[in-house]
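Take a look at the structure below.
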Amino acid sequence: MAHKIAPSILAADFSNLQSACDIIENSSADWYHIDVMDGVFVPNISFGMPVIKAIKPLSTKPFDVHLMIVDPDRYINDFKAVGADILTVHYEACNHLHRTLQAIKAEGMKAGVALNPHTSVSVLEDVIKDIDLVCLMSVNPGFGGQSFIEQTYDKVLKLKRMIKESGATTLIEIDGGVTSANAKRLTDAGADVLVAGSFVFKSSDPKNTCNELKDLVS
């Protein structure tokens, strides 16, 4: 599988999200990464379903929706309705993870699980075959623009080994602090999808930055 780039619109100009969509649509980026925060699970609040619904008609690429919220099961149907293609929940927010994964898939979405930096990949061993994507947080969730946590490389290697040994087809996504300086090392370690927020949207030419990242990992 070709490595994928997923710009995070959390770092885009909220006063002109159409411009952010145009950048993603006209670049070699593969997915939209959309962070939903509730101010409870993480100490920040972002956008929710109305914003996702509003930008869906502007897009032709998959919506990778990352829920940083408590009790995500309550909203699975709602996120499907507004256009989520991949729905990722946090391991730390799910009391019955297997049930949550099945509920996401029953709605026709790909099911993802995110792990905070302190959470070991070993917690997913019994459900790895049920997971379409594991999102490894390489910063502490809640805010953009943080520095990359170096321990992430080891987590990628361990997770890739688990996936191979189980015969699963799970993708590995990295979210936080991704730049041109670490992108190739991450994909060499086994990452399949790179989320880039501030590095893309705070650059002088976001479209070109997307293209350069894609070229680096192709």
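Yes or no: LYS129 under 23 Å from LEU97 (Cα atoms), of a type in the set (D, E, K, R) and surrounded by fewer than 23 Cβ atoms within 10 Å (Cβ to Cβ)?
Working: under 23 Å from LEU97 (Cα atoms): yes; of a type in the set (D, E, K, R): yes; surrounded by fewer than 23 Cβ atoms within 10 Å (Cβ to Cβ): yes.
Criteria met by LYS129.
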message: Looking only at the stretch 160-198, how many residues end up being surrounded by 16 or more Cβ atoms within 10 Å (Cβ to Cβ), modelled with pLDDT of 95 or more and assigned to a helix (DSSP H, G or I)?
response: 7
- prompt: Pick from PRO62, PRO72, PRO57: which is surrounded by fewer than 16 Cβ atoms within 10 Å (Cβ to Cβ) and either modelled with pLDDT of 95 or more or not aliphatic (A, V, I, L, M) (or both)?
  reply: PRO57
statement: For VAL139, the lone unmet condition from (1) part of a loop (DSSP other than H, G, I, E, B); (2) more than 22 Å from GLY197 (Cα to Cα) is (2)
- prompt: Is there any pair with a first residue in the stretch 29-45 that is at pLDDT 95 or above and a second that is basic (Lys, Arg) whose Cβ atoms are under 8 Å apart and which are 6 or more apart or on different chains, and what are they?
  reply: ALA29/LYS61; ALA29/LYS214; ASP30/LYS4; ASP30/LYS61; ASP30/LYS214; TRP31/LYS4; TRP31/LYS61; TYR32/LYS61
So ILE34, is it within 22 Å of ALA183 (Cβ to Cβ), among the β-branched types (Val, Ile, Thr) and either surrounded by fewer than 21 Cβ atoms within 10 Å (Cβ to Cβ) or out of contact with any Gly (no Cβ under 9 Å at 6 or more places or on another chain) (or both): yes
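Tell me the residue from LYS4, LYS56, LYS110 that is charged (D, E, K, R), touching a Leu at 6+ places or on another chain (Cβ under 9 Å), farther than 23 Å from THR179 by Cβ and touching a residue at least 24 places away in the same chain (Cβ under 8 Å), please. Spell out how you get there, then give the answer.
Working: LYS4 fails: farther than 23 Å from THR179 by Cβ; LYS56 fails: touching a Leu at 6+ places or on another chain (Cβ under 9 Å).
Exactly one of LYS4, LYS56, LYS110 is charged (D, E, K, R), touching a Leu at 6+ places or on another chain (Cβ under 9 Å), farther than 23 Å from THR179 by Cβ and touching a residue at least 24 places away in the same chain (Cβ under 8 Å), namely LYS110.
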field: Residue match in the stretch 43-66 (condition: touching an Asp or Glu at 6+ places or on another chain (Cβ under 9 Å) and of a type in the set (D, E, K, R))
entry: yes
- request: Considering only the stretch 83-104, state which residues are under 16 Å from MET37 (Cβ atoms) and not hydroxyl-bearing (Ser, Thr, Tyr).
  value: ALA84, LEU87, VAL89, HIS90, GLU92, ALA93
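In this structure, is ALA81 of a type in the set (Gly, Ala, Ser) and in a helix (DSSP H, G or I)? Break it down into steps so the answer makes sense when it comes.
Details: of a type in the set (Gly, Ala, Ser): yes; in a helix (DSSP H, G or I): yes.
Against the criterion (of a type in the set (Gly, Ala, Ser) and in a helix (DSSP H, G or I)), ALA81 qualifies.
Looking only at the stretch 150-159, count every residue that is assigned to a helix (DSSP H, G or I) and more than 17 Å from LYS129 (Cα to Cα) and tell me the total. So that I can check it myself, show each step before the final result.
Taking the stretch 150-159 and keeping what is assigned to a helix (DSSP H, G or I), we get 152-159.
Right, trim to more than 17 Å from LYS129 (Cα to Cα) and you get 152-155, 157.
Number satisfying all stated conditions: 5.
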task: Taking only the stretch 1-24 into account, find how many residues are assigned to a loop (DSSP other than H, G, I, E, B) and over 19 Å from PRO141 (Cα atoms).
output: 4
- request: Within the stretch 42-57, identify whether any single residue is over 19 Å from PHE14 (Cβ atoms) and either more than 17 Å from the chain's Cα centre (by Cα) or among the aliphatic types (A, V, I, L, M) (or both), and answer yes or no.
  value: no
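The values are calculated or read from the model by the stated rules, or taken from the named source; none is laboratory data. What you see is a predicted model; the values in this text were computed from it and never measured. Heads up, the Cβs are rebuilt from the backbone with ideal geometry, glycines too, and the neighbour counts pull from every protein chain shown.
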